[in-house]
Amino acid sequence: MKKLLLLGDEAIAQGAIDSGISGIYAYPGTPSTEIMEYVQHSKAGREGQVHCKWSANEKTAMETALGMSYAGKRALVCMKHVGLNVAADPFMCSAITGANGGLIIASADDPSMHSSQNEQDSRFYGKFAMVPILEPSDQQEAYDMMHYGYDLSEKYHVPVLLRITTRLAHSRSAVIVKEPKAQNSINTPQDSIQYVLLPSNARKRYKTLLGIQSALEKESENSGFNKYIEGKDKSLGIIVSGIAYNYLLENYDGGEIPFPFIKISHYPLPKNMFERLCDECNEIMVIEEGYPLIEESLSGLLGRGVKVRGRFDGSIPRDGELNPNIVAQALGLENKAINPISDYVVSRPPSLCNGCPHADTFMAINEAMSVYSKGRVLSDIGCYTLGALPPYQSINSCVDMGASITMAKGAADAGLLPSISVIGDSTFTHSGITGLLDAVNDKSPITVFILDNYTTAMTGGQFSPANGRIEDICKGVGVEEEHIRIIEPLKKNHSENVRIMKEEIAYQGVSVIIPRRECVVTLTQKSKEKKKAK
Amino acid sequence: MKKDIIIAGVGGQGIVSIAAVIGYASVEAGLFLKQSEVHGMSQRGGEVYSHFRLSDKEIASDLIPQGKADLIISIEPMEALRYLPMLNSEGWVITNTTPFINIPNYPDIEKVLAEIKKYPNNITIDADKIAKNLKSPKSANIVLLGAASQFLALDYEKLENAIKLLFGRKGEDVVNANLNALKAGREFASKIN
C-alpha cells in the first residue's frame with residue numbers, strides 16, 4: 001500500500017496518471033494550476049509518456065483533449081471555474097459528440113473569490129451539458145474518482161465533469177494510490193460521423209445523450225460516492241455535498257450524527273435517496289459549497305411540500321465559502337470564538353513585488369494620462385490588476401481574459417478619446433489577439449499596452465505562449481510597424497517612456513506599446529538555479 | 001492526540017516551508033494530517049495562513065473551527081493578532097516581533113506587541129535578529145518553528161529529519177543553517193517558558 005501526501009489538485013493529477021491518461025491540457029488559473037504542474041514534474045510527464053504542455057487558453061485545451069479522446073486515448077483538461085466559460089463552446093458540444101477515449105474536465109471553483117472575479121458554480125455547467133459530475137469531499141476521493149470517472153466516461157461514451165473548490169485544491173492529506181493502468185491504444189470512433197455535428201446528426205447525438213440520462217442516474221445511486229446515512233432524530237434531514245460533508249462530521253467531532261443525512265459527491269442527483277429523506281423527515285437542510293443547486297432542485301419554484309432550508313432562507317449565507325463555523329451555526333450548535341479580534345488588525349491586500357516592471361509602467365502611464373480626465377484605462381487579468389490599488393490606481397477595469405482591448409475599443413467607439421488598454425503578454429495570447437484584430441479592422445484610435453514580463457506571473461511563473469513573438473503577432477494582425485514600440489520599464493527610462501506613450505496615445509489609429517522586462521520573481525528563481533548549477 | 005495549528009504571516013515569508021516541515025515530521029510519526037494553504041493572489045505580499053491539523057485519529061475538516069486552535073505560529077506580529085479568535089482558551093501564540101510593513105496604515109508596533117502580551121500564553125521572539133546572528137537571515141521562519149517545537153507533540157528529532165528531507169536538494173549549507181535556526185528558536189523558548 002503506497003501512501004502519498006498530496007494537495008487535492010495533486011491527487012487529481014496522480015489519479016489521472018494512474019488511470020492511464022495520455023495527455024493533460026490546461027491554462028494556468030488559481031486554484032487549478034497545480035494539477036498540470038504535478039504532471040509536468042512527475043516521471044510520466046518528464047519522460048514524455050503523458051503529453052503535458054500548457055495550452056494558449058481553456059478553449060484550445062478543451063478541444064485538444066477532445067481530439068485525444070476522439071483518437072481513443074484518455075485525456076484530462078483542467079481550468080479554474082471562469083476558464084470553463086472560455087471553454088464552454090467545446091464543452092457543451094462535447095456532451096453531444098460524446099467521448100471515445102475517457103475524457104474528464106476538471107474545473108476548480110473559487111467560492112469567496114480568493115483569487116477570482118466571481119464565484120460561479122461549475123456544477124451548473126455539468127447539469128446544463130447533462131454530463132455526470134463528480135464532486136470529491138477529500139483528497140482520497142479526488143484520487144479514486146479519477147479512476148472511476150474514466151471508466152464511467154468510456155462506459156457511456158460521455159465526458160465527465162470533476163468539480164472541486166479552492167479549499168480541497170489547496171489542502172494536503174495522505175492518499176493511498178493504486179497500481180497504474182496502461183494507456184489506451186489508438187482507436188478512432190466506430191461511427192465515422194459521431195463527431196460531425198451537422199444538424200441531422202447532432203439531433204441523433206442529442207437523443208443519444210438524452211437516452212443515457214436514466215442510466216447515469218442509476219450510476220450515481222450505486223457508485224458509492226453518494227451515501228444515505230441513518231439517523232434517529234427525524235425532525236431534520238441533512239443533505240451535504242462535496243467538502244461540506246467534512247464540516248458536518250467536524251461539528252460532531254467524528255461521533256454519531258443524530259439526523260439522517262445524504263452525502264452527495266456524484267450527479268445527476270440520486271432521486272431515490274432524496275425521496276426517502278423527504279418521506280422520513282419534516283424539514284431538510286441543504287449544505288452545499290457554492291450556489292444552491294441541490295436546494296433549488298429540491299424546493300422547486302413554489303417550495304410547496306417539504307420545508308427546505310439552506311442558502312435561500314438565510315440559514316447559510318447566500319454567498320461565500322463554507323467553513324465549520326457556518327455549518328455549526330446553521331445546525332444551531334455551539335460555535336464561539338473565545339478571543340475577540342483586536343482593533344489593531346488591519347487588512348493587508350496583495351501588492352506588486354519590489355522591483356516589479358509593472359510598477360514602473362504604471363508610474364509612466366499615470367504621467368502620460370495625467371492630461372486627460374480619469375477613467376480611460378481598461379485593463380485585464382494578471383498581476384497588473386493590482387495596479388487598481390494604491391499607490392498606482394492606474395486602471396479602471398478587470399472583467400475577463402482579453403476584455404481590456406475590446407472594452408477600450410468600445411469606449412473609443414463611444415467617443416471616449418483617448419481610451420487605452422493594459423494587458424499582459426500571456427493574457428494577450430490567451431484572448432487578446434482577436435480583439436486587436438477587430439480594432440485594426442476598424443482603425444480604432446486606441447493604444448494597447450502589452451506588459452511583457454516573459455511569463456504567466458500571477459499563477460507562479462508558467463510558460464508564456466508567445467515568448468519573444470508579441471510584436472510579430474501584432475504585425476501579423478495588421479498593426480503598423482512604426483506604431484509598435486518596445487520600451488524598457490525602468491526608473492531611469494521614465495521620461496523617455498512617458499514621451500513615447502504620449503506620442504502613441506496621440507496617434508489616431510491602433511498603436512501598441514510593449515513595456516518589456518522580466519518578472520522579478522522568475523528572474524530571481526533563474527539566478528538561483530544558475531548559482532546551484534555552478 | 002490532536003493538534004490544530006494556525007501558521008500565519010505575509011506572502012513570501014515561508015509559511016509553506018514551516019507547514020512542510022511539520023507535515024514530513026507528522027508523516028514519519030504515522031499521524032493523520034490535513035493542511036490547508038493559500039496559493040494565488042494573496043501570495044503577492046498579502047495576508048496568508050495555513051491551517052495545519054494533526055491527529056492520531058482521522059481528521060474531517062481541512063479548516064480548524066474558530067476557538068479550537070491549540071497554537072498560532074506567526075512570522076509577523078500583526079498577523080498573529082488576526083487569528084486570535086481561532087485560538088482555544090489554553091492555546092499558545094508564538095510570534096515573531098519584527099513587523100513586515102508593506103501597507104501605509106500599519107499600526108504602532110509597540111501597541112501590537114502589547115496586545116499580544118495581554119494574552120497569557122505567548123512567546124514573542126525576534127526571529128529575524130536571531131536568524132541574522134546565525135548568518136542565515138532567510139531562516140527566521142524555522143527559528144519560529146523551533147520556538148514552537150515544544151508544543152507540537154512531535155519528537156524534535158523528527159523535525160530535524162524533516163528539515164533534512166525538505167532542504168536536502170538545496171545543499172548541506174542550507175540544511176545546516178535551518179537546523180541551527182530550529183535549535184536557536186527552541187533554546188530561546190525553553191529559557192523563557
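Structure notes:
- Of everything listed in (1) surrounded by fewer than 19 Cβ atoms within 10 Å (Cβ to Cβ); (2) of a type in the set (A, V, I, L, M, F, W, C); (3) in contact with a strand residue (DSSP E or B) (Cβ under 9 Å, 6 or more places away or on another chain), the single unmet condition for A:F449 is (1).
- Residue within region A:200-220 that is within 14 Å of chain B (Cβ to nearest Cβ), crowded, with 18+ Cβ neighbours inside 10 Å and not aromatic (F, W, Y) present: no
- Residue check for B:L71: crowded, with 23+ Cβ neighbours inside 10 Å and out of contact with any Cys (no Cβ under 9 Å at 6 or more places or on another chain): no
- A:T456 being buried (at least 18 other Cβ atoms within 10 Å of the Cβ), within 14 Å of another protein chain (Cβ to nearest Cβ) and among the polar types (S, T, N, Q): yes
- Per the listing A:L302, A:L293, A:L277, the residue uniquely touching a residue at least 60 places away in the same chain (Cβ under 8 Å) and either more than 25 Å from B:L63 (Cα to Cα) or surrounded by 14 or more Cβ atoms within 10 Å (Cβ to Cβ) (or both) is A:L293.
- Candidate set: region A:221-234, residues that are touching a strand residue (DSSP E or B) at 6+ places or on another chain (Cβ under 7 Å) and not charged (D, E, K, R); chosen: the one nearest to the other protein chains (Cβ to nearest Cβ): A:I229
- Within region B:78-107, being facing chain A (nearest Cβ under 8 Å), of a type outside the set (A, V, I, L, M, F, W, C) and over 20 Å from B:D4 (Cα atoms) holds for B:N102, B:P104, B:N105, B:Y106, B:P107.
- Scanning region A:336-360 for residues that are in contact with a strand residue (DSSP E or B) (Cβ under 8 Å, 6 or more places away or on another chain) and of a type outside the set (G, A, S) returns A:I338, A:N339, A:R348, A:P357, A:H358, A:D360.
- For B:E37: the one exception among (1) within 9 Å of chain A (Cβ to nearest Cβ); (2) buried (at least 21 other Cβ atoms within 10 Å of the Cβ); (3) in contact with a helix residue (DSSP H, G or I) (Cβ under 8 Å, 6 or more places away or on another chain): (2)
- Wholly within region A:1-82, strands (runs of 3 or more DSSP E) carrying at least 2 residues that are of a type in the set (D, E, K, R): A:2-7, A:74-80
- Some residue of region A:394-401 being in a helix (DSSP H, G or I), of a type in the set (D, E) and either under 31 Å from the mean Cα position of the chain (by Cα) or surrounded by fewer than 20 Cβ atoms within 10 Å (Cβ to Cβ) (or both): no
- A Cβ distance below 8 Å, combined with a sequence gap of six or more or placement on separate chains, defines the contacts here; from region B:46-64, residues that are over 20 Å from A:S241 (Cβ atoms) reach residues that are of a type in the set (K, R) and in a loop (DSSP other than H, G, I, E, B) in the pairs B:G46/A:R348; B:E47/A:R348.
- Matching residues, region B:44-68, being facing chain A (nearest Cβ under 8 Å), polar (S, T, N, Q) and surrounded by 22 or more Cβ atoms within 10 Å (Cβ to Cβ): B:S61
- Residues that are more than 27 Å from the chain's Cα centre (by Cα), surrounded by 15 or more Cβ atoms within 10 Å (Cβ to Cβ) and more than 9 Å from every other protein chain (Cβ to nearest Cβ), drawn from region A:330-358: A:A330, A:L331
- Selection count, region B:108-144, where residues are at the interface with another protein chain (Cβ under 10 Å from one of its Cβ atoms), in contact (Cβ under 8 Å) with a residue 12 or more places away in the chain, in a loop (DSSP other than H, G, I, E, B) and not hydroxyl-bearing (S, T, Y): 0
- Within region B:117-127, the only residue that satisfies the criterion of being modelled with pLDDT under 95 and buried (at least 17 other Cβ atoms within 10 Å of the Cβ) is B:Y119.
- Selection status of A:G231, in a loop (DSSP other than H, G, I, E, B), without any contact (Cβ under 8 Å) to a residue 24 or more places away in the chain and not hydrophobic (A, V, I, L, M, F, W, C): no
The values are calculated or read from the model by the stated rules, or taken from the named source; none is laboratory data. Bear in mind the structure is a predicted one, so any value in this text is a computation, not a measurement. So basically every Cβ, Gly included, is an ideal-geometry build from the backbone, and we count neighbours across all protein chains shown.
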